[in-house]
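The structure appears below as structure tokens.
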Amino acid sequence: PKKFSQYVNLEEGSLKIKAGTTISEIVLFNPLEKFMRDYPKICVDVVSGRSSTAIEMVSNGELDMAIVPLPSEEIKENIDIIKYKSLELVVYSTKEYLEKNNIDINKWEDILKGTLILPTTTSNTGKVIYSFFQTQNLNINSKYIFSSNTSRKRIAKDGLGIGIGLKDAIKKENFVISNLKLPKIDIGIIIQKKEIASFATLKLLEYIMDNK
């Protein structure tokens, strides 16, 4: 039989985590890599996909942890939702594209004349962006729509338009970033209640919170 101490000392166990590709890059990978080095005997399974079912999957034990934009679906009694941080949305493009098309990236009237590269309307980021456009009475004409932030960044980098995305996901690229203010996206970490969550889950949570 396995000893209780094996779990306490993280000598055995597994973690199944759900996080979108972009959020994984921004929030998860650095602390997870440190965790994996410190506890190499823990099996780790990271899955991506839509966040709409994350709470239900953590609640019923299919997942140990989910890292998703908030608010998500209704609160379950057996889970905890820890607010991690707010991520900033920005408008960005290449200097070449802006100069070629005579666009001032700090003016909405100029931006809307360009080719916008946007997420799908059903994505969490998309819902925030399109709601913002609506409340600000901004009439958009998006020519390129990609669900993947990596794809949107690639298209913008190739000089084909103006992207909107998370600042943390594009800050290492050589983009011109607008100073216009957009809504922020709150990121939350979902786990089972701390009294029933696994030792591995709670330890990884510590690593993530220490990496803020």
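The values are calculated or read from the model by the stated rules, or taken from the named source; none is laboratory data. The shown structure was predicted, so the numbers you read here are calculated from the model rather than taken from an experiment. We place every Cβ from the backbone using ideal geometry, glycine too, and count neighbours over all the protein chains shown. Side chains are part of the model used for accessible areas, which takes the heavy atoms of the whole protein and leaves out ligands, DNA and RNA. Shrake-Rupley method; radii C 1.70, N 1.55, O 1.52, S 1.80 Å.
Taking the conditions exactly as written (within 23 Å of ALA66 (Cβ to Cβ), touching a strand residue (DSSP E or B) at 6+ places or on another chain (Cβ under 9 Å) and open to solvent by 40 Å² or more (accessible area, probe 1.4 Å)), does LYS167 satisfy them or not?
Answer is yes for this residue.
Could you please find all residues in region 139-171 being at pLDDT below 90 and over 25 Å from LEU28 (Cα atoms)?
If the condition is that a residue be at pLDDT below 90 and over 25 Å from LEU28 (Cα atoms), then ASN139, ILE140, ASN141, SER142, LYS143 are the ones that fit.
Looking at LYS153, is it in a strand (DSSP E or B), among the charged types (D, E, K, R) and either surrounded by 15 or more Cβ atoms within 10 Å (Cβ to Cβ) or touching a residue at least 24 places away in the same chain (Cβ under 8 Å) (or both)?
For LYS153, the condition - in a strand (DSSP E or B), among the charged types (D, E, K, R) and either surrounded by 15 or more Cβ atoms within 10 Å (Cβ to Cβ) or touching a residue at least 24 places away in the same chain (Cβ under 8 Å) (or both) - is not met.
Being part of a loop (DSSP other than H, G, I, E, B) and open to solvent by 50 Å² or more (accessible area, probe 1.4 Å) is the filter here, so list the residues in region 176-212 that pass it.
ASN179, LYS181, LYS193, LYS194, GLU195, ILE196, ASN211, LYS212 - these are the residues of region 176-212 that are part of a loop (DSSP other than H, G, I, E, B) and open to solvent by 50 Å² or more (accessible area, probe 1.4 Å).
Scan region 37-68 for residues that are open to solvent by 30 Å² or more (accessible area, probe 1.4 Å) and touching a strand residue (DSSP E or B) at 6+ places or on another chain (Cβ under 6 Å) and jot them down.
Within region 37-68, CYS43, VAL44, ASP45, VAL46, VAL47, ASP64 meet the criteria.
Would you check which residues across region 31-48 are more than 11 Å from the chain's Cα centre (by Cα), in a loop (DSSP other than H, G, I, E, B) and closer than 22 Å to PRO69 by Cα and list them?
Once the filter is applied, which keeps residues that are more than 11 Å from the chain's Cα centre (by Cα), in a loop (DSSP other than H, G, I, E, B) and closer than 22 Å to PRO69 by Cα, region 31-48 yields nothing.
Among the numbered conditions (1) at pLDDT 95 or above; (2) open to solvent by less than 50 Å² (accessible area, probe 1.4 Å); (3) assigned to a helix (DSSP H, G or I), tell me where LEU28 comes up short.
(1)
Kindly provide the set of residues from region 129-142 that are part of a helix (DSSP H, G or I) and open to solvent by 50 Å² or more (accessible area, probe 1.4 Å), ordered by number.
SER131, GLN134, THR135
Every residue in region 156-175 that is closer than 21 Å to ASP186 by Cβ, in contact (Cβ under 8 Å) with a residue 40 or more places away in the chain and either part of a loop (DSSP other than H, G, I, E, B) or charged (D, E, K, R) (or both), please.
Of everything in region 156-175, those that are closer than 21 Å to ASP186 by Cβ, in contact (Cβ under 8 Å) with a residue 40 or more places away in the chain and either part of a loop (DSSP other than H, G, I, E, B) or charged (D, E, K, R) (or both) turn out to be LYS167, ASP168.
Check off (1) in contact (Cβ under 8 Å) with a residue 60 or more places away in the chain; (2) in contact with a strand residue (DSSP E or B) (Cβ under 6 Å, 6 or more places away or on another chain); (3) open to solvent by 60 Å² or more (accessible area, probe 1.4 Å) for ILE145 and give me the number that stays unchecked.
Among (1) in contact (Cβ under 8 Å) with a residue 60 or more places away in the chain; (2) in contact with a strand residue (DSSP E or B) (Cβ under 6 Å, 6 or more places away or on another chain); (3) open to solvent by 60 Å² or more (accessible area, probe 1.4 Å), ILE145 violates only (1).
May I ask you to list the residues in region 77-128 that are β-branched (Val, Ile, Thr), open to solvent by 50 Å² or more (accessible area, probe 1.4 Å) and assigned to a loop (DSSP other than H, G, I, E, B)?
THR121, THR122, listed by residue number.
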